[in-house]
Amino acid sequence: MRNIEVYVENLRSYTAGKDRGQWVTLGIDEKELQQILTKQVGLTENHPDMAIFDYNADFKISEYENIYDLNQLAIQLKHMPEQDYIKVMEYCQSRDILTALEMSNVCQQIDEIPYQYFPEWIDKNITDPEEKLGYALFENNSELATTMRQMGMEDYFDYKAYGRDESINTYELCDHGFINRRSSINLGKYSYEEIQDQLKEQINSIDQENSFDGSEKYKEENTWESEENFWSDEATYEQETYMASDNEAMVEEDIEITMDN
């Protein structure tokens, strides 16, 4: 699930025997989150203690995870294409990355993740994970593939054994692809504030692109409509001016123009 929902509890009230817990769907403006925590959960500057007693998410969330880091991560994931979302989730799960700020750093370095998807035809036709990896690496190794095909040995190649050896030494298998064990993401590259600034720029850029696409579509639709309205089956007229035969007077005359259907 893309949404991250957490049940936030006021620990001061909880220890006093009062439940001031509240389900919160994250991925919202920071000020809105602060208002929820203050007005509904009852947190104050003097008593800020809280805990996450329950959650709904595609990854584990610690009881004492920073709620603002988690909210920032939810914003990143919400604006992420599905392919990138899968890549982030599988990379974080394979490396046991659990804190929200570290996951946010992975999101900000999406192009650096050492992850490759299985080609579609392999994913559909091969079920064994190690054999999938063997086929994928065989296709990626153009020298090996070319040599085997030239020798007519492609059908005798042991893709499963090849994938098994590589999964032990170099690659980690995931549900949709594989990760190079020898490469990794810098989990402390960006601070919360740096990610926040980058997010604002990225979201503004997405909004501008969507706005531009919408205005262009509107312009195209209305241009087509105006062209359709311009042409009609009714007769139209234009005025033609020409010289009389005796060259003594100008004659104006309406000439009917009709459109053939």
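The values are calculated or read from the model by the stated rules, or taken from the named source; none is laboratory data. Since the model is a prediction, treat every value here as computed from it, not as a measurement. In this analysis, Cβ positions are derived from the backbone assuming ideal geometry, glycine residues included, and neighbour counts consider all displayed protein chains. We work out accessible area using only protein heavy atoms, side chains counted, and drop any ligands, DNA or RNA first. Shrake-Rupley method; radii C 1.70, N 1.55, O 1.52, S 1.80 Å.
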Inset, instruction - Highest first, please rank the peptides 172-179, 41-48 by the mean number of other Cβ atoms sitting within 10 Å of their residues. - result: 172-179, 41-48
Legend entry - At 1.567 mPa s and 4 °C, Stokes diffusion of segment 60-152 via Kirkwood alpha-carbon radius, µm² per second: 83
Inset, instruction - Could you give me the percent of Cα pairs per 5 Å distance bin for segment 147-202, shortest bin first, beginning at zero and ending with the bin that holds the maximum distance? - result: 4, 14, 12, 13, 11, 14, 9, 6, 6, 6, 5, 1
Legend entry - Within the accessible area of segment 78-195 (1.4 Å probe), percent carbon and sulfur: 44
Legend entry - Extension gain (nm, one decimal) between Trp23 and Phe53, 0.36 nm per residue minus Cα-Cα: 9.8 nm
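Just the number please: accessible area per residue for segment 13-146, 1.4 Å probe, all protein chains included, in Å².
Values: 7310 Å² over 134 residues.
It amounts to 55 Å² per residue over segment 13-146.
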Inset, instruction - Search the structure for amide H atoms under 5 Å from the amide H of Tyr55, placed 1.01 Å from N in the peptide plane, and list their residues when 5 or more places away or on another chain. - result: Tyr7
